[in-house]
Amino acid sequence: MQVVFLTDGAVSNERELLGLINRRLGDARLFTVGIGPAPNGFFMRRAAEAGRGTFTYIDDPRELDERVSSLLRKLERPALTDLSLTWDLPGEDLPETYPVRIPDLYYGEPITFSTKLAGANVASLSGTVRIKGRHGREDWAMDLDLAALRTAKGVAAVWARSKIADLEAQQGQTEAERDRARDQMVKTALAYQDRKSVV
């Protein structure tokens, strides 16, 4: 099931709504559409990420029909759905990937995810990651050789930002849960603010 949420008003109770989405959405996909100057872009993006969907911003209401029709046409033809990762790595450390729930892939739109491989040295990295999903009613899979990875500046910071965004979207309802999430966000931000290596 796919849910499309449209609003032209500001949303002020982000935590409560994100908690509701996390508890009730299940396997459905959530696509958010903000119209005009007032929508809460932070909430709309985080809600779409939590729901494995996308956020569409329409600043000119005259474009509403065309943009929403384009979105609905896209939703009719996903390229790959139910994507997941399976790692085959030496050692027992599990990779940490964000977003935790990888969104579906739609034609003409890329998706990205970032992973931290614990204790990984790119020069001696070995193993594979299998990306699995469904193409229509058929299973689909692709194996990527991790030995082919190369270093690049800024990748660690990309991973850290993805982790912080996921923590923001997954915050719980109790004060203790929110305090734990904030603590993890601050620790991650401080640990990776100057990192330039590959994660």
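Mind telling me which of the residues ILE131, ILE111, ILE102 ends up being surrounded by 11 or more Cβ atoms within 10 Å (Cβ to Cβ), free of Cβ contacts under 8 Å to residues at least 60 places away in the same chain and touching a Pro at 6+ places or on another chain (Cβ under 6 Å)?
Numbers: ILE131 fails: touching a Pro at 6+ places or on another chain (Cβ under 6 Å); ILE102 fails: touching a Pro at 6+ places or on another chain (Cβ under 6 Å).
Being surrounded by 11 or more Cβ atoms within 10 Å (Cβ to Cβ), free of Cβ contacts under 8 Å to residues at least 60 places away in the same chain and touching a Pro at 6+ places or on another chain (Cβ under 6 Å) holds for just one of ILE131, ILE111, ILE102, which is ILE111.
For region 20-60, a residue qualifies if it is surrounded by fewer than 19 Cβ atoms within 10 Å (Cβ to Cβ), of a type outside the set (Ser, Thr, Tyr) and touching a strand residue (DSSP E or B) at 6+ places or on another chain (Cβ under 6 Å), and the qualifying residues are ALA28, ARG45.
Residues in region 133-148 that are under 15 Å from PRO78 (Cβ atoms) and in a strand (DSSP E or B): GLY133, ARG134, HIS135, GLU138, ASP139, TRP140.
Being surrounded by 14 or more Cβ atoms within 10 Å (Cβ to Cβ) and farther than 26 Å from GLN2 by Cα is the filter here; which residues of region 134-151 pass it? Answer for region 134-151, where residues must be surrounded by 14 or more Cβ atoms within 10 Å (Cβ to Cβ) and farther than 26 Å from GLN2 by Cα: LEU146, LEU149. Against the test of being over 18 Å from ALA165 (Cβ atoms) and among the aromatic types (Phe, Trp, Tyr), the options PHE42, PHE5, PHE55 yield a single qualifying residue, PHE5.
Count of region 152-165 residues, restricted to those that are crowded, with 18+ Cβ neighbours inside 10 Å and either among the hydroxyl-bearing types (Ser, Thr, Tyr) or at pLDDT below 80 (or both), is 1.
Only helices (runs of 4 or more DSSP H) whose full extent lies in region 1-115 are considered here, and the ones with at least 1 residues that are within 25 Å of ALA141 (Cα to Cα) and in contact with a helix residue (DSSP H, G or I) (Cβ under 9 Å, 6 or more places away or on another chain) are 41-50. Looking for something over 18 Å from LEU167 (Cβ atoms), without any contact (Cβ under 8 Å) to a residue 40 or more places away in the chain and of a type outside the set (A, V, I, L, M, F, W, C) - is there at least one such residue anywhere in region 17-26? Yes: region 17-26 contains one or more residues that are over 18 Å from LEU167 (Cβ atoms), without any contact (Cβ under 8 Å) to a residue 40 or more places away in the chain and of a type outside the set (A, V, I, L, M, F, W, C). In the set GLN184, GLN170, only one residue is modelled with pLDDT under 85, closer than 30 Å to PHE43 by Cβ and open to solvent by 50 Å² or more (accessible area, probe 1.4 Å); that residue is GLN170.
The values are calculated or read from the model by the stated rules, or taken from the named source; none is laboratory data. This structure is a prediction, so every number in the text was calculated from the model and none was measured. Don't worry about glycine lacking a Cβ; one is built from the backbone with ideal geometry, like all the others, and counts go over all protein chains shown. For accessibility, only protein heavy atoms count, side chains too; no ligands or nucleic acids. Shrake-Rupley method; radii C 1.70, N 1.55, O 1.52, S 1.80 Å.
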